[in-house]
Amino acid sequence: MLTKTRELIEELRRNRIRYCHWKSNLALAESLAGETDIDLLIHRQHAGQFRILLSQLCFQPAVTTGSGSFPSVEHYYALDEESGVLVHVHAYYRVITGESLTKNYHLPIEEMLLQNTREEDSVVVPTKSAELAVFTIRIMMKHASIVELLLLYRYWQEVLQEINWLLESGSIEESVSLVEQWLPALDGHLLAECITALKTPASLFRRVDLGLRLRSQLRPYARHSMIPNWLTGVRKFLTMFLRRLHGTKRGMVPRDGGAVIAFVGSEATGKSTLISEMRRWLGEHFDVEQIHAGKPKSTWLTLIPNIFVPALRSLLPGSRTTQVEAEYAQGKQSERTRTDYPLTFAIRSALLAYDRHALLTRAYGEAANSTIVLCDRYPSLLNGAPDSPQLSNLVDSANGNSLRHRMARIEDRLYREIPAPDLVVYLSAPLDVTLSRNAARGKTEPEEYVRRRHARTASLQFGKTPVYEINTDQPFDQTVREVKTAIWNAL
């Protein structure tokens, strides 16, 4: 059991909040380890006290995107700092269940579950007979929909395992008795047939027939009529399908909104590796996008000019960005007039500024719509720094009408318009460490280039944006935990 989960269970007990972990208790150990949701049914009279308790334990609320939310159901997340796992509490104040996509039924069985309880791993859970009744209703209702049957097929073996586990000490007769008491609209004999059909298991045709009959009897508890419910299911299925194509597993976002998290630092400090790790970690729960501000994709305006960049680099090696940066870093630009640096470098810098401006303003908008954007590199306020304005310190202020000067003004304006990130994770490592890492990785950069970037990233400036500094010359697991903590505190 995770430390954060243990704290939650102990505080629920200490504050005498009526609750139970109401479903999927065969996998309770996985839930307590943060591998799956913690599905808690909370007595409605204790809802306010429960929310205060979650806040005290640093749980943050989250919401589903689009039309995926359900009444009386809330989501909360907290970071277990020891393991780096996000603990997901799926809180119910009413039993809202049914098809997985629409959950169209409110079953008035909250007291049935809260009164008939036992303890497992110090957690209050329903008796197996009570859980057997709810589990059977949930699974059989999925048999009444083609879409739900397709989804059910993926974990059918787990269904068979769970029904047998519940019947080890649960009683069909007791389950029927509870249903007849708390769900008078449902025929107890039908429930018994459904349990047997799952245990055997019966043929698909038989299970579908029972599912349709069960759904018909539960119609008094439906939240929507048949056609609106069907349309909602189709819409959510398409949304889920498109989300999977986009690479996002969950349509969940922090209730306080998303954020732009920038990772900056010299070469070989682990930016790409850490961003990939953070995307995997956050992407298990939230909408996440990963972008690269150091190498932004071309826009419609810059696409054609950027096509010719590789050819120009070969024909005019003195105009390469790395060459001009090297001369600037060494002070060699003072040996020639400032109007004499390559014009192609000025044009390329302005085009790059435009691409970065387009990429990062779009990222800002996505963060406002609750997406978490992880950005590899980010412009700083320091002229001449990597990924920042390059022309301001090179132009001759006495020649304000030159093309170079105009490019410098355009570049400066574009960078000034880029919104600041919500958090900067500044990664650093000793020079000898970065040189060693650079030599060991697949795509190496020239040693002089790494040295230069290491020196120039030592004084990056980001104004009032919070900057979390971390030396990556430590065990990787420790670095990951520290970065997770910094990001979670920023959300």
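The values are calculated or read from the model by the stated rules, or taken from the named source; none is laboratory data. This one's a predicted model, so the numbers in the text were calculated from it and none came from an experiment. With ideal geometry, Cβ positions are generated from the backbone for all residues, glycine too; neighbour counts draw on all protein chains shown.
Pairs are defined by a Cβ separation below 7 Å, a sequence spacing of at least 6 or placement on different chains, a first member in the stretch 9-33 that is at positive phi, and a second member that is part of a strand (DSSP E or B); the pairs so defined are 24/39. Per the listing 122, 129, the residue uniquely within 28 Å of residue 43 (Cα to Cα), under 32 Å from the mean Cα position of the chain (by Cα) and surrounded by fewer than 22 Cβ atoms within 10 Å (Cβ to Cβ) is 122. Take the residues in the stretch 452-474 that are closer than 17 Å to residue 420 by Cα and touching a helix residue (DSSP H, G or I) at 6+ places or on another chain (Cβ under 8 Å); name whichever of them is surrounded by the fewest Cβ atoms within 10 Å (Cβ to Cβ). Checking each candidate, the answer is 466. Taking residue 197 as the residue in question, decide whether it is in contact with a helix residue (DSSP H, G or I) (Cβ under 9 Å, 6 or more places away or on another chain), modelled with pLDDT of 90 or more and in the same structural domain as residue 104 (by TED's automatic domain parsing). Considered against the rule, which asks whether it is in contact with a helix residue (DSSP H, G or I) (Cβ under 9 Å, 6 or more places away or on another chain), modelled with pLDDT of 90 or more and in the same structural domain as residue 104 (by TED's automatic domain parsing), residue 197 comes out as yes. If you check 31, 24 for being surrounded by 22 or more Cβ atoms within 10 Å (Cβ to Cβ), out of contact with any Asp or Glu (no Cβ under 6 Å at 6 or more places or on another chain), assigned by TED's automatic domain parsing to the domain that holds residue 124 and closer than 17 Å to residue 121 by Cβ, only one passes: 31. Of everything in the stretch 375-398 that is under 34 Å from the mean Cα position of the chain (by Cα) and of a type in the set (S, T, N, Q), the residue that is modelled with the lowest pLDDT is 383.
Given the residues 166, 149, 204, which is the only one that is farther than 30 Å from residue 7 by Cβ and surrounded by 16 or more Cβ atoms within 10 Å (Cβ to Cβ)?
On the way: 166 fails: farther than 30 Å from residue 7 by Cβ; 204 fails: surrounded by 16 or more Cβ atoms within 10 Å (Cβ to Cβ).
That would be 149, the only listed residue that is farther than 30 Å from residue 7 by Cβ and surrounded by 16 or more Cβ atoms within 10 Å (Cβ to Cβ).
A single member of 26, 40, 12 is in contact with a Phe, Trp or Tyr (Cβ under 7 Å, 6 or more places away or on another chain) and either among the basic types (Lys, Arg) or part of a strand (DSSP E or B) (or both), and it is 40. Taking the stretch 94-159 as the region of interest, the strands (runs of 3 or more DSSP E) fully inside it that hold 1 or more residues being of a type in the set (Lys, Arg) and modelled with pLDDT under 95 are 117-120.
Just to be sure, is residue 186 at pLDDT 90 or above, in the same structural domain as residue 70 (by TED's automatic domain parsing) and not in a helix (DSSP H, G or I)?
Values: at pLDDT 90 or above: yes; in the same structural domain as residue 70 (by TED's automatic domain parsing): yes; not in a helix (DSSP H, G or I): yes.
So residue 186 passes the test.
With respect to the conditions (1) aromatic (Phe, Trp, Tyr); (2) under 20 Å from residue 105 (Cβ atoms); (3) at pLDDT 90 or above, residue 221 falls short on a single one, namely (3).
Residues checked against (1) modelled with pLDDT of 80 or more; (2) surrounded by fewer than 17 Cβ atoms within 10 Å (Cβ to Cβ):
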residue	(1), (2)
264	yes, no
287	yes, no
301	yes, yes
319	no, no
325	no, no
332	no, yes
335	no, yes
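Name the single residue that is modelled with the lowest pLDDT among those in the stretch 169-183 being closer than 22 Å to residue 110 by Cβ, surrounded by fewer than 16 Cβ atoms within 10 Å (Cβ to Cβ) and among the small types (Gly, Ala, Ser).
Initial filter on the stretch 169-183 (closer than 22 Å to residue 110 by Cβ): 170-171, 174-183.
Add one more test, that the residue is surrounded by fewer than 16 Cβ atoms within 10 Å (Cβ to Cβ), and what stays is 171, 177, 180-181.
Checking the rest, the ones that are also among the small types (Gly, Ala, Ser) come to 171, 177.
Values: 171: 85, 177: 93.
The residue in question is 171.
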